[in-house]
Structure formats: C-alpha cells, structure tokens
Amino acid sequence: MTDSAARRFVLDHFWIAFGAFGLACVLGVYQVLERSGIISALQSPAVYFASVSTHGVLMAFVLTTFFIMGFGYYVATTSLRMPIWNKGFAKAGFWIALLGTVMAAIPLLLGKASVLYTFYPPMQAHVLFYLGATLLVVGSWFWCVVMVVMLAQWKTAHPGETVPLPMFATTANAILWLWTSLGVALEVLFQLLPWAFGLVDTVDVGLARTLFAWTLHPIVYFWLLPAYIALYVFVPLAAGGKLFSDELARVSFVMIMVFGLPIGFHHLYADPQQAAGWKLWHGIGTFAVGIPTLLTAFTVVASLEVAGRARGGKGLFGWIGALPWRNPMVLAAILSLLMLVLGGFGGLVNASYAMNAMVHNTAWVPGHFHLIFAGTVITMYFAIAYHLWPRLTGKRLFSESMATLQLWCWFIGMVILSTPWHVLGLLGQPRRISSVTYNSLLTLAWKPYELAMIVGGLVLMGSAVLFLYNLFKTQMEGAAERDLTVSYAEALHPVGRLPDVLNGFRVWNGVILLLMIVSFGYPILQFFLLQTHNPSAWGY
Amino acid sequence: MPPSSRPHEEPRDDLPIGTWTLLCLIAAGMTAAWLFLYFGVFLPRGVVQ
Amino acid sequence: MHINPLEQKWLYVSLAMIAIFLGSIFLTAITKGVHPPSHIETIDSASLHLSGEFAEDKLGVRQQPDGSLRVTLVAARYGFYPNHIEIPADTPITFRMASVDVLHGTHVPMTNMNTMIVPGYVSQITTTFPKPGDYPMLCNEYCGMGHDHMWSTMTVVAKENWHGVAKADNLGEKP
C-alpha cells in the first residue's frame, strides 16, 4: 500500500479501535474487582452497571467495527492493488461511525444508558444512546458499500479471473454484516427510536428481542471472519509454508455467511414468545454452522503441519515443536486455536436446544464469550496489528519479544478468567449481577472462583498495556522500515478456474434471502397477528 | 522472505496425518464431554419442557 | 475442486459428531418430550393484578383438576411472589409466570427450571426436581439496580413426605 493517506486512514481506524479497547480493559478490571466484593469501597450497582454497559459497547461494537473497517480497507487496497473507491464516501462513513460512538459514549459514561450492550426494552436509555448506536452502524454500512463496489470494479477489470482470497473473504464479511445488521436496524428504527423520542408509548418486547436475536448471532461471525482471514492468508506464510487449501477456505467463508444468519433463536431458547419448532430449526442451523469452523481448523492446522515438517519436524507431532513459536503471527494462531477448541465446545453446549436450561443467563455465558471472542478473535486482531503496524507506519515493530510475551499473558489471563466463570455458571450463578447478596448456602461455593477471576483480570490488564505500549513505541520511535509491501500466503495447490459460487456472491445472496424468509418470516409476522399488550418504558 | 520451495514430501503423499490425528482426538474428546454433560448433568437435573 | 483425502474424511467425522448431538436432541425430544419452554401466550403486564389467573390470592402452588401441580408466580422488581413455595420431588411441576414490569429471568441453580419472563407474555415451563432440599430462585436477567437482590426461596420436599396442597379454584382457566 503505497498511498500514505490511505495508510493513515487505516491507522485512524485502528487507533479508535484500540483506544476503545484500552479504556474497556480498565473498566473490566474494575468490574471483576467490584463483583468479588473484597473491596467494599468499590461496591455500587449504579457504577457497576454503567461500567458493564460501556465495556460491552466499547468491546463488542466499537473495537470490532473500527478494526474490521480498517483491516478491510487495507486488504482491499493491497490484495486488489486498487485505491480506495471514493475516498470521500469512505471518510464520511468513518466520521459518521465516530460521531455515533461519541454520541453513545456520553450517556453511557454518565450512567444514563445503563441498559447493557443488548439494550433490551422495556428498560429505556437516554435517546442519545440509541441515536449514537444507529450512527455507528450506519457508518459501517458505508464501508460495506466500498468493499462491494471495489470487488465489483476489480471483477469488471479482470473478467474470468480468480478473486484473491483475502478480498473474497473480506467482501463475504461485508455482505454478511449488511444482512446481519438489518435485524437490529429494524428494531431500532421502527421500535426503539420512536419509543425513545416519545412518539409511541409502548414497545413489543417479544418482537424487539426477536429482531435483536437476528443480529446477535451473525454479528459474532462479523467479528470472527477477520481472525479467520488472518489464519488463512497470513499464518501459513509466517510459519514458512503455504495455505493447505484455497478452495476449502472459500467454502468455509461461504458456509459461515449462509448458515450464520438464519440461526438467532438459540439466543431465545428460554423465551416464551417463539415456538419450539422454530427453536429446533434454528438449533439445527446452529450445529450446521459448526462445520465451516471444523473445516477451518483442519485447513489451518494442516498448513502449519506442512510448514513444520518443512522445518524438520518428524513423526506424528514433531512438526508442532518445529514451528516458529517466536513469530507473533504463528504464536497467536496456536494460542487462538487452543482457545477455539475450548470456546467452540462451549458453543456446542449453548447450541444444544433444551440443554440450554443448564447454562442460560448464568455466568457460563460471559465466560464463553470472553473465551471465544476476547480469546480466539482478539488474539488474532493483536497479531494483525503487529503484522501491519510496520507496514502502515514505516517503522519497525518496537519489540517482537514483547509481542510474544504479551500474547502469552493474554492467553494465560484469559484461561484464568474464563475457566472459573464457566464453573460458576454450572453452579448456577446468574449473569449480570454486581455482587453476591443471596443469603443462600449454595452461593458460598462461588467465592473462590470469583477471587481467581481477579487474577485473570489483572494479568489481562498487564497484557493490554504491553500491547498498546508496543504499538505506541513503534509509531513514535521505531527504526525506519522501508519495505511496506505485504504478502499473502500462496496456495499449496495453485488454484485454476473456480466455479462462480466460490468467486462471487450472487447465488449466495439468493440462498440467504430464502433461508431468512423461512427462518424469520413467520416468527416475526406472528407479532402482527397476535394480540399483544405492549409495556411502556421503565427506568432502571 | 520465507522460503518458497515445495515442502519436503512425506513418504505417504501429502496427507497431514498429524493434523488428522490431533483433530480426531479433539473430536472424540468433545463428543465424550458433550454426551457426559447432556446425559450425565443436564437430564438428571430434571426433564424439562 | 480438489479436496485432500484426509480433509474429506475429517468432514465426515465432523458430520458424524454433529449427527450424534442432533440425534441425542431429537431422541430425547421425541421419547421424553425434552424441549425448551416455548409456550406463546400474551397477557397485559400492566393489569396483572386484575387478571383472574395472576390475582394475588391465586398465586402459589395449587393442584389442578387433572391432578397435576401448578405454580403461579409473578415477577416484579425485586422478587418473585409468593417468595416461598414448597413442592414435591420427582413430580412434574408446571410453572406459569408473568412480569409486572421489565424483563426478568428465573433460575433455580442445579435444576433445569430456567426461563425468561418477558413482559406482555406468559412463561410456562414444566420440569421435575429430583433432589429434595432448600433452593434459591434467582433472577438471571438484568432488570435494574436491584437485580442483585431479586430472589425467592423454594423447598423441595421428598415425595413420601409431601403434604399435598390446596386445589385450584380457578376452574376453566387456561391449561
């Protein structure tokens, strides 16, 4: 990427993302301390729930969206060798998203939007919160359009050619996000905003939860896909090898798009307003979307095996030790995959229809999503940052050994934080409580796990500081790096001509539309046929 | 720049047997753990509908 | 399209693993009726106290005409009412619950009594409690600043010691 303005544009996105991350980490440490109850001066539901709301919005919406947009612009320009399409349009998207973020941050930090990052009605936040969230999403849609247009323009200029894998996957993610965000957009535009502005008095909570559930599952794939992109196109090369299968990578990305969307009801298994038949249908789809992850695991690990054997690894598992563990991209992949095994298993449990009763709304749930998101996904975001910072700033990475230390600390901290969290869930501890005040014997068993989690939180905070420090020092003081080029992994078996279904998305958009109509059509329509009695707004 | 030569060929073609073995072990573990949780923890807590 | 033979075998292994999970789920759904609570029924949360079923004097544990036991509860910030109930072990108990205000959830730890309570809808869940003992019933969905304190108690009495309970006088109410 030779255009320095474009590089700065990507960096702007990354600094917003990681700035939000840093602040949210501090809030996280406060929360794990407050919840344990060991420092009585900290106890305050009002502060705690404002913190959790802010932490959730920053980590789940701000860190992710800005990182994904920045990474997408980088991949599009470097893999397609084109400038950003319509820079003014792209910049407008960035500024709208940033404005929305600031707009939502104000009520959040003032405790006027303590409705958590899921903002379920009928508890109502300050209207500025809903407006800000809307603008953040709308800003991201500008990015989606740029990605889709750039791919279309490239294909017109290169008829019949194979779309580079990094851009195929990035565009898949952009299209996925458009479909995904439509659910919450409908909820906010037609229900929450009119209600928050006082134009309507009541809101159908069942419909709101259904529309939010539409978004709530595939949004995790929006977050996950950039991590998978790095696993496919950076990691094999960093390990000294090639990508085991380019075609199957495309198959996995398509399957995640198609099966990741029509399955949101596993978030509503315990809800009264959807029928069991629909829940079972969504449950089947949820298991189906496990397949592309299982395939990704094989393709990526096989790529590592090929690289490890080329480095001299012998026997069944010798190639593991032979990999370059000191390379941050490779180390990140290994740690990320380890957490994917554990977090993925938790996901299988959550998907399992009635077994959800064992874990629904218990501490297991935040344990799960910290492991899989803060663990598997964010670890790869760190690796991407370390890989791209020199190429974006023209400065060599300040310290590679600090990067590997940081990644190890993040992994260790995440295991110490999330393991007790899962156990607490199985022991029945509810989620979203700020303290344990139940005068019940069974809660005595919870204390040691809460104390262990504090250790995890502190280790993670240290790791976050190392991460930000390393990037900051790179940008401010790093030695000059003249080679700004980026290379993407080559395929082990060169790809010939691909069928259209692995080179474009027209067919898949049709399939998605069909599946969404089947999976959400009647379940949403029913709210207009049922006689509902909608509640009005409540404070907290 | 990383080496771009073809990887050293294993005697048995390009079959990633380490990956296959590792993932099969993981799949077996996950299946056992899931069955334990479903039939050994969840259902004994009481049939639900 | 080229697929490595071992990767293809892995795909079959993955499908088989998922077939085991889905198979178990379908088997228990068909043979034992194991489902998540999914009873779609609307109600006006703002006038619960006026509705026949959730009037204060109808709450609690009652025996239905068909012999089954039903627990009728109201969820309100910050407790479940009535805030102490007694039920027999090893007996299917049907809970019917409604919220007077915001979203709540209810969970009895170490059991499968776990369901959302959505204002505007009646939640219905049927489960059995194998182990006698004293249990808390905890709210597990954020419902405001007092969420930490939202809980009630439940005693599960061994079946042989069960003392029976009043019959429901609301014949003709929805099942």
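Does residue C:101 satisfy the criteria of being free of Cβ contacts under 8 Å to residues at least 12 places away in the same chain and either closer than 30 Å to residue A:290 by Cα or not in a strand (DSSP E or B) (or both)? Full working, then the answer.
Numbers: free of Cβ contacts under 8 Å to residues at least 12 places away in the same chain: no; either closer than 30 Å to residue A:290 by Cα or not in a strand (DSSP E or B) (or both): yes.
Judged against the criteria, residue C:101 is not a match.
Condition (residue is of a type in the set (Lys, Arg) and not in a helix (DSSP H, G or I)) applied to region A:290-313: is it met by at least one residue? Walk me through it before giving the result.
Of all residues in region A:290-313, those of a type in the set (Lys, Arg) come to A:309, A:311.
Now restrict to residues that are not in a helix (DSSP H, G or I): A:311.
There is at least one residue in region A:290-313 that is of a type in the set (Lys, Arg) and not in a helix (DSSP H, G or I).
Mind checking which pairs have a first residue in region A:57-72 that is under 12 Å from residue A:137 (Cα atoms) and a second that is among the charged types (D, E, K, R), Cβ under 9 Å, 6 or more apart or different chains?
Here the result reads A:66/A:12, each pair linking region A:57-72 to a residue that is among the charged types (D, E, K, R).
Going through region A:206-248 one residue at a time, which ones are within 14 Å of chain B (Cβ to nearest Cβ) and small (Gly, Ala, Ser)?
A:238, A:239, A:240, A:241, A:245
Just to verify a result, which residue in region A:278-293, among those that are free of Cβ contacts under 8 Å to residues at least 60 places away in the same chain and surrounded by fewer than 21 Cβ atoms within 10 Å (Cβ to Cβ), is farthest from the other protein chains (Cβ to nearest Cβ)?
The qualifying residue farthest from the other protein chains (Cβ to nearest Cβ) is A:293.
Going through A:489, A:445, A:464, A:452 one at a time, which residue ends up being assigned to a loop (DSSP other than H, G, I, E, B) and among the hydrophobic types (A, V, I, L, M, F, W, C)?
When all the criteria are applied, what remains is A:489.
Are there any pairs with C-beta distances below 6 angstrom linking a residue in region C:132-159 that is over 22 Å from residue A:435 (Cβ atoms) to a residue that is small (Gly, Ala, Ser) and not in a loop (DSSP other than H, G, I, E, B), with the two at least 6 apart or on different chains, and if so which?
Taking only residues 6 or more apart or on different chains, the pairs are C:156/C:133.
What is the one condition in (1) assigned to a loop (DSSP other than H, G, I, E, B); (2) away from every other protein chain (no Cβ under 14 Å) that residue A:413 does not satisfy?
(1)
Being touching a helix residue (DSSP H, G or I) at 6+ places or on another chain (Cβ under 8 Å), within 30 Å of residue C:77 (Cα to Cα) and in a loop (DSSP other than H, G, I, E, B) is the filter here; which residues of region A:493-540 pass it?
A:532, A:533, A:534, A:535, A:537, A:540 - these are the residues of region A:493-540 that are touching a helix residue (DSSP H, G or I) at 6+ places or on another chain (Cβ under 8 Å), within 30 Å of residue C:77 (Cα to Cα) and in a loop (DSSP other than H, G, I, E, B).
Restricting to region A:341-387, name every residue that is of a type in the set (A, V, I, L, M) and more than 14 Å from chain C (Cβ to nearest Cβ).
Those that are of a type in the set (A, V, I, L, M) and more than 14 Å from chain C (Cβ to nearest Cβ): A:342, A:371, A:372, A:374, A:377, A:378, A:380, A:383, A:384, A:385.
Scanning for something among the aromatic types (Phe, Trp, Tyr), part of a loop (DSSP other than H, G, I, E, B) and either in contact with a Phe, Trp or Tyr (Cβ under 7 Å, 6 or more places away or on another chain) or facing chain A (nearest Cβ under 9 Å) (or both), does region C:141-153 turn up at least one residue? Spell out how you get there, then give the answer.
So the first thing to find is which residues in region C:141-153 are among the aromatic types (Phe, Trp, Tyr), and the list is C:142, C:151.
Checking which are part of a loop (DSSP other than H, G, I, E, B) leaves us with C:142.
Filter again for either in contact with a Phe, Trp or Tyr (Cβ under 7 Å, 6 or more places away or on another chain) or facing chain A (nearest Cβ under 9 Å) (or both), leaving C:142.
Scanning region C:141-153 turns up at least one residue that is among the aromatic types (Phe, Trp, Tyr), part of a loop (DSSP other than H, G, I, E, B) and either in contact with a Phe, Trp or Tyr (Cβ under 7 Å, 6 or more places away or on another chain) or facing chain A (nearest Cβ under 9 Å) (or both).
Would you please list the contacts, defined by Cβ atoms under 7 Å and residues six or more apart or on different chains, that run from a residue in region B:27-44 that is within 7 Å of another protein chain (Cβ to nearest Cβ) and hydroxyl-bearing (Ser, Thr, Tyr) to a residue that is surrounded by fewer than 17 Cβ atoms within 10 Å (Cβ to Cβ) and part of a helix (DSSP H, G or I)?
Matching pairs, first to second residue: B:31/C:20.
Of the residues in region C:83-113, how many are among the acidic types (Asp, Glu) and away from chain A (no Cβ under 14 Å)?
Initially, region C:83-113 is screened for residues among the acidic types (Asp, Glu), giving C:86, C:90, C:101.
Then drop every residue that is not away from chain A (no Cβ under 14 Å), which leaves C:86, C:90.
Result for region C:83-113: 2.
Quick one: residue A:481 ticks every box in (1) over 30 Å from residue A:395 (Cβ atoms); (2) surrounded by fewer than 18 Cβ atoms within 10 Å (Cβ to Cβ); (3) of a type outside the set (Gly, Ala, Ser); (4) more than 10 Å from every other protein chain (Cβ to nearest Cβ) except a single one, so which number is it?
(1)
Can you tell me which of A:178, A:248, A:193, A:216 is in contact with a helix residue (DSSP H, G or I) (Cβ under 8 Å, 6 or more places away or on another chain), free of Cβ contacts under 8 Å to residues at least 60 places away in the same chain and surrounded by fewer than 24 Cβ atoms within 10 Å (Cβ to Cβ)? Spell out how you get there, then give the answer.
Numbers: A:248 fails: surrounded by fewer than 24 Cβ atoms within 10 Å (Cβ to Cβ); A:193 fails: free of Cβ contacts under 8 Å to residues at least 60 places away in the same chain; A:216 fails: free of Cβ contacts under 8 Å to residues at least 60 places away in the same chain.
Sole residue among the options that is in contact with a helix residue (DSSP H, G or I) (Cβ under 8 Å, 6 or more places away or on another chain), free of Cβ contacts under 8 Å to residues at least 60 places away in the same chain and surrounded by fewer than 24 Cβ atoms within 10 Å (Cβ to Cβ): A:178.
So residue C:129 clears everything in (1) over 30 Å from residue A:201 (Cα atoms); (2) aromatic (Phe, Trp, Tyr); (3) not in a loop (DSSP other than H, G, I, E, B) except one condition, right? Which one?
(3)
Test each condition in (1) charged (D, E, K, R); (2) assigned to a helix (DSSP H, G or I); (3) modelled with pLDDT of 95 or more for residue A:35 and report the one that comes out false.
That leaves (3) as the condition not met.
Given the residues C:43, C:85, C:30, which is the only one that is under 28 Å from residue C:131 (Cα atoms) and either under 19 Å from the mean Cα position of the chain (by Cα) or in the same structural domain as residue C:150 (by TED's automatic domain parsing) (or both)?
Values: C:43 fails: under 28 Å from residue C:131 (Cα atoms); C:30 fails: either under 19 Å from the mean Cα position of the chain (by Cα) or in the same structural domain as residue C:150 (by TED's automatic domain parsing) (or both).
Of C:43, C:85, C:30, the one residue that is under 28 Å from residue C:131 (Cα atoms) and either under 19 Å from the mean Cα position of the chain (by Cα) or in the same structural domain as residue C:150 (by TED's automatic domain parsing) (or both) is C:85.
Mind telling me which of the residues A:302, A:270, A:307, A:275 ends up being surrounded by fewer than 21 Cβ atoms within 10 Å (Cβ to Cβ), within 13 Å of chain B (Cβ to nearest Cβ) and over 15 Å from residue A:348 (Cβ atoms)?
On the way: A:302 fails: surrounded by fewer than 21 Cβ atoms within 10 Å (Cβ to Cβ); A:270 fails: surrounded by fewer than 21 Cβ atoms within 10 Å (Cβ to Cβ); A:307 fails: surrounded by fewer than 21 Cβ atoms within 10 Å (Cβ to Cβ).
Criteria check complete, one pass: A:275.
If you go through region A:393-436, how many residues are more than 25 Å from residue A:30 (Cβ to Cβ) and aromatic (Phe, Trp, Tyr)?
The number of residues fulfilling the criteria is 1.
In this structure, does residue C:127 turn out to be surrounded by fewer than 19 Cβ atoms within 10 Å (Cβ to Cβ), modelled with pLDDT of 95 or more and either under 25 Å from residue A:275 (Cβ atoms) or facing chain A (nearest Cβ under 7 Å) (or both)? Can you show your working first?
Details: surrounded by fewer than 19 Cβ atoms within 10 Å (Cβ to Cβ): no; modelled with pLDDT of 95 or more: yes; either under 25 Å from residue A:275 (Cβ atoms) or facing chain A (nearest Cβ under 7 Å) (or both): yes.
Here the answer is no, as residue C:127 does not meet what is asked.
So for region A:354-377 (the condition being touching a residue at least 24 places away in the same chain (Cβ under 8 Å) and farther than 30 Å from residue A:436 by Cβ), does at least one residue qualify?
no
What are the residues in region A:343-365 that are within 20 Å of residue A:260 (Cα to Cα) and out of contact with any His (no Cβ under 6 Å at 6 or more places or on another chain), if any?
Selection gives A:343, A:344, A:345, A:347, A:348, A:349, A:350, A:352, A:353, A:356, A:365.
Enumerate the pairs (first residue in region A:91-102 and within 11 Å of residue A:146 (Cβ to Cβ); second residue anywhere and at pLDDT 95 or above and among the charged types (D, E, K, R)) with beta-carbon separation below 8 Å, excluding pairs fewer than 6 apart on the same chain, so at least 6 apart or on different chains.
A:94/A:12
Considering region B:13-26 alone, what residues qualify as being more than 7 Å from chain A (Cβ to nearest Cβ) and over 11 Å from the mean Cα position of the chain (by Cα)?
Once the filter is applied, which keeps residues that are more than 7 Å from chain A (Cβ to nearest Cβ) and over 11 Å from the mean Cα position of the chain (by Cα), region B:13-26 yields B:13, B:14, B:15.
Does residue A:482 satisfy the criteria of being modelled with pLDDT of 95 or more and not small (Gly, Ala, Ser)? Before you say what the answer is, go through the steps one by one.
Values: modelled with pLDDT of 95 or more: no; not small (Gly, Ala, Ser): yes.
It is false that residue A:482 is modelled with pLDDT of 95 or more and not small (Gly, Ala, Ser).
For region C:42-70, how many residues meet the condition of being more than 7 Å from every other protein chain (Cβ to nearest Cβ) and in a loop (DSSP other than H, G, I, E, B)? Walk me through how you get there before you give the answer.
Taking region C:42-70 and keeping what is more than 7 Å from every other protein chain (Cβ to nearest Cβ), we get C:47-70.
Imposing the further condition that a residue be in a loop (DSSP other than H, G, I, E, B) reduces the set to C:51-55, C:59, C:64-68.
The total comes to 11.
The values are calculated or read from the model by the stated rules, or taken from the named source; none is laboratory data. Everything numeric here is computed off the predicted structure, so don't read it as measured data. All Cβ positions, even for glycine, are placed from backbone atoms using ideal geometry, and neighbour counts span all protein chains on display.
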